[in-house]
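The values are calculated or read from the model by the stated rules, or taken from the named source; none is laboratory data. This one's a predicted model, so the numbers in the text were calculated from it and none came from an experiment. We place every Cβ from the backbone using ideal geometry, glycine too, and count neighbours over all the protein chains shown. Accessible surface areas use protein heavy atoms only, side chains included; no ligands, DNA or RNA. Shrake-Rupley method; radii C 1.70, N 1.55, O 1.52, S 1.80 Å.
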2 protein chains.
Amino acid sequence: MQMPAPNPVTLAKKAQLTERLTAALGKDGVIAEDIALKAYECDALTAYRCPPMLALLPRTTAEVAAALKICHEMNVPVVPRGSGTSLAGGAMPTADSVILGVSRMNAVLETDFASRVIRVQTGRTNLSVTGAVEGEGFFYAPDPSSQLACAIAGNIAMNSGGAHCLKYGVTTNNLMGVTMVMMDGEIVEIGGAHLDAGGLDLLGLICGSEGQLGVVTEATLRILHKPEGARPVLIGFDSNEVAGACVSDIIKAGILPVAIEFMDRMLIGVCEDYARAGYPDCEALLIVEVEGSEAEIEHQLGLIHEIAKQHNPVEFRKATSADEAGRIWAGRKAAFSAIGKVSDYMCLDGTIPVSQLPYVLKRIGEMSKTYGLAVGNVFHAGDGNMHPLILYDANKPGDLEICEAFGAEVLKLCVEVGGCLTGEHGVGIEKRDLMLDQFAPDDLDMQMAVKDVFDPKWLLNPAKVFPLASSEARRIAAE
Amino acid sequence: MQMPAPNPVTLAKKAQLTERLTAALGKDGVIAEDIALKAYECDALTAYRCPPMLALLPRTTAEVAAALKICHEMNVPVVPRGSGTSLAGGAMPTADSVILGVSRMNAVLETDFASRVIRVQTGRTNLSVTGAVEGEGFFYAPDPSSQLACAIAGNIAMNSGGAHCLKYGVTTNNLMGVTMVMMDGEIVEIGGAHLDAGGLDLLGLICGSEGQLGVVTEATLRILHKPEGARPVLIGFDSNEVAGACVSDIIKAGILPVAIEFMDRMLIGVCEDYARAGYPDCEALLIVEVEGSEAEIEHQLGLIHEIAKQHNPVEFRKATSADEAGRIWAGRKAAFSAIGKVSDYMCLDGTIPVSQLPYVLKRIGEMSKTYGLAVGNVFHAGDGNMHPLILYDANKPGDLEICEAFGAEVLKLCVEVGGCLTGEHGVGIEKRDLMLDQFAPDDLDMQMAVKDVFDPKWLLNPAKVFPLASSEARRIAAE
C-alpha cells in the first residue's frame, strides 16, 4: 500500500509542537516516546503500519479544541482514533501526523428515557452504551462484531452496522446529534434530541465521513426498548445459491427478522472445528433470528419454515432453549477468530441489493477458481452486506498481491450489480483507489469540495477515503 | 414577508429563454401565459404570492438536465416544485425565476421486493407509491397529512414525516438513493438499493436540503411489509400537561406505538363539530395506535392502559371494530380542514425532546394569554413534533403581525429546550430569518459554503432556507 511521502518534520518543529500540546493537555496527555507510539502504528488492518509523530489523549472537548487549534496553526495533520478497531485502516497514521485518541473520553453525560436518547462522550465503547441503559430495559441497536472494544467515535466515523442492523438500521439511523470540533478548534453542535433540524442536514453528512470533516467528541444516540425475547433458527442447504434465494424469499415475503446470517461450507467447517457448535455438514447455513413475544416468535418461525421448505433444506433446527440458542450463535460469533487460526485472510465489505445474492455468490465461486485462492463467506445476508474472506499465505511471495487483485474484482462486481464498495467498514486507506470504480471523477470532486469547506488545509485524517493522487493534489494546492 | 428585489428581466431575455426552453421541452413543456402562471404563484403557504417568469413541466431526467443547463447559462434562478403542498413556502417563486415542476414525472421505474425497494420518478405522489406495492403486501412508511397530493420530490426536499414516523422514521430513514440533476445540467447518481456507500454521504445531505443543491428526479425508496393489523385507542385527560406526561411515560416504558397523536380542548371541539367523531368533552386527548398480531395489539394496549390509569384519564376507549377505529381517526384527520372553517390560522412545526412536552405546552398556554390570540394544539406527540395552530383574523389590521411574533416566540422556545425550528415542514421562506435563533452565524456560513459547492451561482430555489440578507449577499458575490 503506497503512502504519501511525509512532509519532513524538523526536530525543532516537533519540539515546539510537543511543548505547546503538553501545555494544553498536560504531560500525561501527550505521548512522544517511540516505544509508546508503537501502540498507535496501525489499527485492525495490521498489514500496514507507520508510527505517528505524537499521540494525544485529551479528556474533554475543550482539550480536543485546544489540541486541534495548535495543530492547525502549525500545519500538522491529525488522525482521529476511537479504539483503533478499523478493518480498513481508517485510523492509520502517517509519519508526519499526530494521533488524537478519544479513549479517555468515555463518560455518560445524560440519559433521557422519555426522549429515548443517551448522550455520551464518543470514546465510550459501543457495548457500554447499552450497559448504561439496560437497567431500564433499553439498548443501543447498532452492534458491530467488535462492540466490546470499538468506540462510538469510530462507529460514527464509519457509519457502523452489525448483525442486528437488518431490523434497526446502522449508526446513521440511530444518531441524533453530535458535538464536533473543527480542524481550527471551533466547537460546533449539530442535531440534538429531536427530529432533523432546518437547513442542510450536516449530521447525515458527518456520519460515515471517516474523520475527514471534524473530530466528534460527544454524541446523542437513540436508544430502544429491549424486545421480550428472541430466538434463532439454523437452516442448512446444499448450495450457496439456494441459501441466497431463501434469504431473498424471506425478505420478499415481508418478514423482517432481526438478523439473517449466512455461512458457506468453508466457514461452517472452520467454525465447527473451533467452537463445536454442532453445525450440520452442508454447503450453506443460515442463522435467522426473530424477536418479540413468544406467540410472535412462533408465528414468524412458522412462516420462515414454510419458505425454507420450498428450498429443500438439509436441516431446519429451531432453538428451544437459551442453551440451544447460544450454541447456534457460538460458531457464527467465533467466525473471525476461527478463520484467523487456520489462515491469513482479507475480509471484504461489499454490499449488494439482496436480490443479487445468488448471482454474486456464484461469481465469487468462479473467481476463486480463476485466482487459485480459497474464499469463505460469512455475512449479514438480510441487508446484502457481504464479508467474503479471501485466504492467502502471507509468507508466500506474491500471494497478498493476488489476494488484493481478487478482492478488488469482487468489490467491482458489487458495484456492477448495483451495490457498493463498503457496507460498514469504511474506505480508509484500503479502498481509496477503488473509489474510482464506484464514483465518476466529477462525483469525487464534489465530495472533495465538501471536504474543502470543513477542512480547507486538508489536515484531517490524511491519505484516506479519496484516491491518493487526488487527495495529495488537494493537500498540496492548499499549502 | 420581505422578498428580494427581482433582477430586472428584459423582454428580450425572456423571449430568448422561452425560445430555448421550448426547443428543449416542446411547446407543452413550457408555460408562459400570465393566466396559466397564476397556478404557480404560491404553494400551500398562501399568504405569500408572486408569479414566476415561466413554468416548466419536463417529462424526463434528460429534459430536466436540458432545462437547467439553459437556465444556468442564462443565469436564471430555478424554483423546483413537487406538488406545491409546502406549508413553509418551499416552492414559492420569485418574479425573475422559472418554476420547474416534476408533476408529469410520476412513473414507477422498478420494484424489487427481495431488496425491499421501489424506484420511482419523483413527481409520483406519496400515496401512490404505496399503491404500487400494496398488492404484494408492502407499503411506503412516511405519511404526511398531504399524502394524497404531495410528491416524493417534495418529501425528499423537506425530509417529510407523518403520523406513523414515530415507529418508521421520516423520509431520510426510508430513502436509499436518488438521481439528481445539478444546476449546470449534470446528472448524478447518489446511493442506490444498498447500504450507505463509501466516501461522504451526500444522500443524507441532500435529503431535507429544500431544493438548494439540485433537482431530484428519481428516487429509490425503502418499502416495508404491512403489519397484520392496527388498532387505535382514545384517551382523554383533564389537562394538557397530564396528557403530555402520559406520552412521556408511554415512551419511557419502552412501548413504541406506531402513532401518538395529541389534541387539546380547542381542537377536540372544532373537530367534533366538523366530523362528529364522538370525542369526549375534556381538556386533552391522545390517539395512540399500536399494530401487529391480535395478541400483540392486546398486549400493548394493556400496557398503555396501565400507564394511562396512573394519570387519571377521563376516558379510555379502545376501538373494537374497524368502524370504531375509523371514528377515532376521523376527527384527527379532519383537524386542518376543521380549523380552517372557523378561523385563519398559522401552523407551526417546532420539534422538541419528548420529555419537554408538559413544560412547552404550559408555556404556549401562557403566551396565548400574553399575545391575546387563541392557540390550538394538534401534533405527533410521540416524536415531539408539535404543530401549534395560532388563530388570527386576516381582516383585522395588525393581527397577522402579532401572530407572526407569537409564532416566532414559540419556535424560539423549542430551540431553548433543546429542540428545533422545524420537524417536517422545512424552513422555506417562512422561517429563514429565525435560522439565526437556531444556528450561530459560523454554522450558517458552513451550510452556505456547502451550498456554494453544489450551486456556486446561487440560482437554485432563491431566497429560502438561509436568512435573506445572507443568501442575497452570497448570490450577489457570485454574480
Checklist entry - Do we find a residue being among the aliphatic types (A, V, I, L, M), out of contact with any Leu (no Cβ under 9 Å at 6 or more places or on another chain) and open to solvent by 10 Å² or more (accessible area, probe 1.4 Å) anywhere in the stretch B:450-458? => result no
Item to check | Only listed residue being open to solvent by less than 20 Å² (accessible area, probe 1.4 Å) and more than 18 Å from the chain's Cα centre (by Cα), chosen from A:224, A:202 | outcome: A:202
Checklist entry - Hey, does the stretch A:390-397 have a residue that's under 23 Å from residue B:194 (Cβ atoms) and of a type outside the set (S, T, N, Q)? => result yes
Item to check | Count of residues meeting criterion [open to solvent by less than 20 Å² (accessible area, probe 1.4 Å), of a type in the set (Gly, Ala, Ser) and farther than 19 Å from residue B:38 by Cα] in the stretch B:48-87 | outcome: 2
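Per-residue answers, yes or no, for (1) crowded, with 22+ Cβ neighbours inside 10 Å; (2) of a type outside the set (Gly, Ala, Ser); (3) closer than 24 Å to residue A:159 by Cα:
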{"residue": "A:376", "(1), (2), (3)": "yes, no, no"}
{"residue": "A:382", "(1), (2), (3)": "yes, no, yes"}
{"residue": "A:392", "(1), (2), (3)": "yes, yes, no"}
{"residue": "A:433", "(1), (2), (3)": "no, yes, yes"}
{"residue": "A:440", "(1), (2), (3)": "no, no, yes"}
{"residue": "A:445", "(1), (2), (3)": "no, yes, yes"}
Next on the checklist: Looking at A:132, A:95 in this structure, which one is more than 17 Å from the chain's Cα centre (by Cα) and free of Cβ contacts under 8 Å to residues at least 40 places away in the same chain?
Outcome noted: A:132
Checklist entry - Within the stretch A:227-249, restricting attention to residues that are part of a strand (DSSP E or B) and open to solvent by 10 Å² or more (accessible area, probe 1.4 Å), which residue is farthest from residue A:362 (Cα to Cα)? => result A:229
Next on the checklist: When you check residue A:215 against the structure, is it under 18 Å from the mean Cα position of the chain (by Cα), crowded, with 23+ Cβ neighbours inside 10 Å and more than 28 Å from residue A:386 (Cα to Cα), yes or no?
Outcome noted: yes
Next on the checklist: I'd like the residue in the stretch B:310-323 that is without any contact (Cβ under 8 Å) to a residue 24 or more places away in the chain and open to solvent by 70 Å² or more (accessible area, probe 1.4 Å) and, out of all such residues, is farthest from the chain's Cα centre (by Cα).
Outcome noted: B:320
Checklist entry - For residue A:424, are the conditions met, namely being part of a helix (DSSP H, G or I), open to solvent by 20 Å² or more (accessible area, probe 1.4 Å), touching a residue at least 24 places away in the same chain (Cβ under 8 Å) and out of contact with any Lys or Arg (no Cβ under 7 Å at 6 or more places or on another chain)? => result no
Checklist entry - How many of the residues in the stretch A:90-120 are open to solvent by less than 30 Å² (accessible area, probe 1.4 Å) and not hydroxyl-bearing (Ser, Thr, Tyr)? => result 17
Next on the checklist: When you check residue B:97 against the structure, is it modelled with pLDDT under 95 and either hydroxyl-bearing (Ser, Thr, Tyr) or touching a Lys or Arg at 6+ places or on another chain (Cβ under 7 Å) (or both), yes or no?
Outcome noted: no
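Residue-wise test of (1) closer than 14 Å to residue B:171 by Cβ; (2) at pLDDT below 95; (3) away from chain A (no Cβ under 12 Å).
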{"position": "B:105", "(1), (2), (3)": "no, no, yes"}
{"position": "B:116", "(1), (2), (3)": "no, yes, no"}
{"position": "B:148", "(1), (2), (3)": "no, yes, yes"}
{"position": "B:151", "(1), (2), (3)": "yes, no, yes"}
{"position": "B:155", "(1), (2), (3)": "yes, no, yes"}
Checklist entry - Residues of the stretch A:172-196 being in a loop (DSSP other than H, G, I, E, B), modelled with pLDDT under 95 and among the hydrophobic types (A, V, I, L, M, F, W, C), which ones? => result A:193, A:195
Checklist outcome for this item: Heads up, the helices (runs of 4 or more DSSP H) in the stretch B:430-479 (entirely inside) with at least 2 residues that are of a type in the set (S, T, N, Q) and closer than 26 Å to residue A:180 by Cα are B:468-478
Next on the checklist: Given the options A:191, A:177, name the one that is open to solvent by 10 Å² or more (accessible area, probe 1.4 Å), more than 8 Å from chain B (Cβ to nearest Cβ) and over 17 Å from the mean Cα position of the chain (by Cα).
Outcome noted: A:191
Next on the checklist: I need every pair where a residue in the stretch A:369-389 that is of a type in the set (Ser, Thr, Tyr) has its Cβ under 6 Å from the Cβ of a residue that is at pLDDT 90 or above, sequence separation at least 6 or different chains.
Outcome noted: A:371/A:402; A:371/A:406
Item to check | Whichever residue in the stretch B:250-271 is among the charged types (D, E, K, R) and surrounded by 20 or more Cβ atoms within 10 Å (Cβ to Cβ) and, among such residues, is farthest from the other protein chains (Cβ to nearest Cβ) | outcome: B:264
Checklist entry - From A:348, A:373, which residue is more than 24 Å from the chain's Cα centre (by Cα) and within 21 Å of residue A:398 (Cβ to Cβ)? => result A:373
Checklist entry - Mind checking whether some residue in the stretch A:384-395 is out of contact with any strand residue (DSSP E or B) (no Cβ under 9 Å at 6 or more places or on another chain) and away from every other protein chain (no Cβ under 12 Å)? => result no
Item to check | Residue, least open to solvent (accessible area, probe 1.4 Å), within the stretch A:284-309, restricted to residues that are away from chain B (no Cβ under 14 Å) and out of contact with any helix residue (DSSP H, G or I) (no Cβ under 7 Å at 6 or more places or on another chain) | outcome: A:289
Next on the checklist: Yes or no: the stretch A:121-135 includes at least one residue that is acidic (Asp, Glu), in contact with a helix residue (DSSP H, G or I) (Cβ under 8 Å, 6 or more places away or on another chain) and open to solvent by 10 Å² or more (accessible area, probe 1.4 Å).
Outcome noted: no
Checklist entry - Quick check, is residue A:464 more than 9 Å from chain B (Cβ to nearest Cβ) and either crowded, with 24+ Cβ neighbours inside 10 Å or among the hydroxyl-bearing types (Ser, Thr, Tyr) (or both)? => result yes
Checklist entry - Among the residues of the stretch A:293-304 satisfying the criterion of being in contact (Cβ under 8 Å) with a residue 12 or more places away in the chain and not acidic (Asp, Glu), which is nearest to residue B:295 (Cα to Cα)? => result A:293
Checklist entry - Which condition number does residue A:215 fail, the rest of (1) more than 7 Å from chain B (Cβ to nearest Cβ); (2) over 30 Å from residue A:429 (Cα atoms); (3) of a type outside the set (Phe, Trp, Tyr) being met? => result (2)
Next on the checklist: Can you confirm whether residue B:399 is facing another protein chain (nearest Cβ under 9 Å) and open to solvent by less than 30 Å² (accessible area, probe 1.4 Å)?
Outcome noted: no
Item to check | Restricting the stretch A:402-429 to residues that are touching a strand residue (DSSP E or B) at 6+ places or on another chain (Cβ under 6 Å) and within 14 Å of chain B (Cβ to nearest Cβ), the residue that is farthest from residue A:208 (Cα to Cα) | outcome: A:419
Next on the checklist: Looking only at strands (runs of 3 or more DSSP E) that lie completely in the stretch A:24-138, which have at least 1 residues being among the charged types (D, E, K, R)?
Outcome noted: A:78-81, A:108-112, A:117-121
